[in-house]
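Peer 1: One structure coming up, written as structure tokens, with questions to follow.
The values are calculated or read from the model by the stated rules, or taken from the named source; none is laboratory data. Every value quoted in this text rests on a predicted model; they were computed, and no experiment measured them. Positions of Cβ are backbone-derived with ideal geometry, glycine not excepted, and every protein chain shown enters the neighbour counts. Note: areas computed on protein heavy atoms with side chains; ligands, DNA, RNA excluded. Shrake-Rupley method; radii C 1.70, N 1.55, O 1.52, S 1.80 Å.
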Amino acid sequence: MTKYVSPGDTIIGEHIDGYTRRWMWKGLRRHPVLNRQMTLYECDLNSYAEIVKACDESDLNDGCEAYKKAVGDCLEADAISIYVDSKRKYQFKVEAGISGRHKSNIFNFRDLSVCSIKIPLHNLKKVIKKLNQTKQIEQ
Amino acid sequence: MNTVEIPSNSPHMKTHLTLSISSENEFMDIISGKTAEEVVDMLFKAVNNRTRERNYFQLYCNLLDGSITEREFDETIANREDDYIIDESESPSVNKVSLALSLSRKIKDVNSITDLSSLFSFNPNSLENLVLKELV
């Protein structure tokens, strides 16, 4: 039962509950580690996700070693991405009084789900710029 | 890149000599057309991935308005996976990510690493690992 807040931290569970202030349904993706067809949601602003039912060991592949799997493990961050093993869209319920004074969108995923804390695109741009500069200096 | 003016005999003519330094095979890749080819491939991939997204949302709308049944919806996706599902398995090189970032400046709605990886079929984990490795 640990709270994870660092970029890149990932949880996986059979049932995952949580909330977010803003979310987007991004469509179907093939998950690069689990190699399954999954629906991607992107949550932005004050997001929270918690494992309420652990997943089966048979659902895990090579590459899932770093994923947190215990019931109660949770992610708390501004932006998280969620892959859900379903081809249909889940409903998000709007409720007040969860995220400070703002309304929140509550989700209860009842299919295998993988949630990660996202890294801002700006950080990737910064790293690529730095790598390109280092390469030029070396030459 | 430095430009040097070279004096010539004629008072109306000036000769400019350009000295440029390129990293690795960057220069050769540009003049041989390899970079242009890679850019075209990436743009084709981006268009096709956006089309896959559109196809999925169109199919879902058809399911919602009753044009197709739940079973037809599942079967269509299962039989024509390449038309509906975006693959995110490629682990790109730093050069390719750099190119993708340059291209994404002109493409709508690329606001996160997930958007970038969905557009160009990159593995989001490999992009995130690259950032985490360099920033730590």
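Peer 1: Please count how many residues of region B:84-136 are in a loop (DSSP other than H, G, I, E, B), open to solvent by 50 Å² or more (accessible area, probe 1.4 Å) and touching a residue at least 24 places away in the same chain (Cβ under 8 Å).
Peer 2: Total satisfying the criteria: 2.
Peer 1: Still on this structure, please answer the following. Determine whether region A:77-95 contains at least one residue that is part of a strand (DSSP E or B) and touching a Gly at 6+ places or on another chain (Cβ under 9 Å).
Peer 2: Yes, the conditions are met somewhere in region A:77-95.
Peer 1: Hey, can you tell me all the residues within region A:117-139 that are over 32 Å from the mean Cα position of the chain (by Cα) and at the interface with chain B (Cβ under 7 Å from one of its Cβ atoms)?
Peer 2: A:Lys135, A:Gln136, A:Gln139
Peer 1: Something else now. Give me a count of the residues in region A:19-58 that are closer than 26 Å to B:Phe122 by Cβ, in contact (Cβ under 8 Å) with a residue 12 or more places away in the chain and assigned to a strand (DSSP E or B).
Peer 2: So the count comes out to 19.
Peer 1: Looking at region A:103-120, I want the residues that are more than 17 Å from A:Tyr67 (Cβ to Cβ) and have a partner that is polar (S, T, N, Q) and open to solvent by 20 Å² or more (accessible area, probe 1.4 Å) with Cβ atoms under 8 Å, at least 6 apart or on another chain. Which pairs are those?
Peer 2: Qualifying pairs under 8 Å: A:Ser104/A:Asn46.
Peer 1: Check region B:64-72 and report whether any residue there is touching a residue at least 12 places away in the same chain (Cβ under 8 Å) and surrounded by 14 or more Cβ atoms within 10 Å (Cβ to Cβ).
Peer 2: No - not one qualifying residue is present in region B:64-72.
Peer 1: Given the residues A:Leu121, A:Leu131, which is the only one that is closer than 16 Å to B:Leu130 by Cα and surrounded by fewer than 17 Cβ atoms within 10 Å (Cβ to Cβ)?
Peer 2: Just one listed residue meets the conditions, A:Leu131.
Peer 1: With B:Phe27, B:Phe44, B:Phe57, B:Phe120 as the choices, which residue is more than 17 Å from A:Leu40 (Cβ to Cβ), at pLDDT 95 or above and among the aromatic types (Phe, Trp, Tyr)?
Peer 2: Result of the check over B:Phe27, B:Phe44, B:Phe57, B:Phe120: B:Phe44.
Peer 1: Have a look at A:Ala49, A:Ala54 and point out the one that is farther than 20 Å from A:Asn123 by Cβ, over 13 Å from the mean Cα position of the chain (by Cα) and small (Gly, Ala, Ser).
Peer 2: Matching residue, one of A:Ala49, A:Ala54: A:Ala54.
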